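Report on the structure given below.
Where a number appears in this text, it was derived from the coordinates with a stated rule and is not lab data. Note that the coordinates shown come from a computational prediction; the quantities given were computed from them, not determined experimentally. For neighbour counting, all protein chains shown are included, and Cβ atoms are generated from backbone atoms with ideal geometry for every residue, glycine included.
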Amino acid sequence: MAGLFQALEIGKRALLSHQFGLQTIGHNIANVNTPGFSRQRVQITSTYPETTTLGIVGTGVQVYDIQRIQDLFLGQQFREDNKLLGQWRYKEKVMDQVESLVSEPNDNTLSDLLNKFWDSWADLSTNPNSVSSRVAILEQANLVVNSFHQTAKQLDALRDSVDRDLVNVTEEINRLSKEIGNLNEQIKSMELGGVKANDLRDARDLLLDQLSEYIDVNTIEQKNGGMTVFIGAMALVDGPDHLEIASKVLNRDGRLEHELVWKGTDVKISNLNGQLKGLIDSRDRVIPSYMEELDVLARTIIEEVNALHRSGYGLNGTTGVNFFETSLLTAAGIRINPDLASDPARIAASLSGEVGDNRIALAINDLRNRAVMVNGSTTINDYYNGFVGQLGMEAREARSFTKNYELLLNQTENARQAVQGVSLDEEMANMVRSQHAYDAAARVITTIDQALDTVISKMGIVGR
């Protein structure tokens with residue numbers, strides 16, 4: 001039956017409910033700058049009413065949940081954008097490094113040194129009997145060779161650096177996966193009583209956001225609160241359990257490289273996205289393609305110069321001599337014939353062997369203008385310019401995509417924070433409202449207490 005004690009209970013329930021509200025608001029305000037935090041709201045409802053002879057009488061209010069405000073679609077969209085940003089950001093980093101190695105257009109770059117090498121043959125053609133002009137050719141050829149060597153060596157070192165990054169990224173993925181598994185276990189244990197482990201869920205979502213930079217994160221939440229995280233069709237994390245990724249060392253044509261496999265198996269991980277995709281693409285496609293183009297350029301220079309030089313005569317009448325060694329036809333292996341370095345007079349300028357004949361020197365100088373590359377469709381200089389142009393285009397593409405996905409990610413994050421982020425203005429307004437409600441509930445208890453005091457202390461003593 002409704003009475004003063006029931007009214008006192010209503011006041012108590014109101015105090016507790018609004019106390020929860022104030023505590024939750026304070027928690028939100030305290031975490032306004034906490035990464036990954038989602039604001040929380042106390043959900044209250046009226047308690048089950050009581051039936052009396054006078055009708056249905058309310059029994060007050062109670063807290064039935066503390067809700068974590070989230071937008072699941074925006075959360076998934078953030079991870080999709082983050083995955084693509086991670087891929088292009090890594091490729092941009094690699095392309096910037098390749099550009100810095102080539103460093104065109106500048107003085108003493110490969111294109112500049114090649115032009116000086118051709119010019120040195122033109123100088124020899126004006127005085128085909130000059131030994132000093134031949135020495136100058138050797139000096140310029142050495143500069144070209146060293147430039148090829150340095151660029152090839154730096155590209156090779158960059159490729160090794162990317163391969164080492166693969167190991168570091170693998171370790172980071174394993175660390176994040178382990179922490180997500182641990183949080184799954186904690187969330188499952190805490191939610192056995194039917195309450196939501198909101199802060200632990202925020203921590204797990206933050207780890208998933210971080211993980212999405214490296215791989216394609218697809219998740220399914222289990223009924224017990226755990227989360228299953230997939231890479232393709234394979235479960236990277238399943239409740240408290242997680243699979244580890246290993247970087248297996250392989251020997252590919254004498255080169256040691258890492259391949260991603262599931263730890264303890266030889267099963268290769270093929271469904272790669274995010275930074276892992278940018279890393280693998282850079283190591284296996286981007287850098288090797290530029291190394292291959294440099295090798296083609298070096299091989300063509302070796303073969304074309306040698307073909308002309310062999311047909312000519314040096315000052316001492318020697319012929320059939322290669323200008324470059326032919327043992328290694330690559331940018332890293334290009335070498336000047338040591339016989340020429342020890343005796344510059346063996347450098348050919350004459351086609352007939354007669355004194356004053358400069359046709360070989362002119363022909364080698366003219367190589368810069370002859371279409372000897374790509375099935376006779378382009379010159380050596382134009383091929384290298386195309387190489388530099390392609391490099392610049394890919395670098396601009398990587399920078400453009402990185403910038404676009406940064407903007408897209410920021411827009412998605414702003415939209416997500418508009419839903420789940422803490423607004424101090426909103427929290428202060430809610431605090432004032434909860435404070436007034438708490439004060440009013442306290443006033444109800446005070447009033448009921450006074451009524452009870454009247455009943456207990458003053459009833460039945462009138463006229464004594």
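Taking Cα centre as origin and charging only the Cβ of basic (Lys, Arg, +1) and acidic (Asp, Glu, -1) residues, the dipole magnitude of the range 105-242 rounds to 200 debye. Considering all C-alpha pairs of the range 50-98, those separated by over 16 Å amount to 70%.
A simple spin-label model places the labels of Glu354 and Asp119 3.2 nm from each other, with each point 7 Å out along Cα-to-Cβ. Annotation: amide H of Phe324 within the under-5 Å range of Asn306, Asn337, sequence separation 5 or more or interchain, hydrogens built in the peptide plane. Each Lys and Arg Cβ is given +1 and each Asp and Glu Cβ -1; about its Cα centre, the chain then shows a dipole of about 1340 debye.
Helix screen, the chain: DSSP H segments with Cα axial length of 30 Å or more and mean Kyte-Doolittle hydropathy at least -1.0 are 4-30, 72-102, 131-190, 287-310, 380-420, 424-453. Peptides 383-390, 201-208 ranked from most to least packed, by the mean per-residue count of other Cβ atoms within 10 Å: 201-208, 383-390. Across q = 0.05, 0.08, 0.13 Å⁻¹, the chain modelled as identical point scatterers on its alpha-carbon atoms has Debye log10 I(q)/I(0) values of -0.41, -0.70, -1.13, in the order of the q list. Around the amide H of Asn218, modelled in the peptide plane, lie the amide H atoms of Phe230, all under 5 Å away and 5 or more residues distant in sequence or on another chain. Think of it as helices only: each DSSP H run of n ≥ 4 in the chain is worth -39500 (n - 2.57), and spread over all residues that comes to -20000 deg cm²/dmol at 222 nm.
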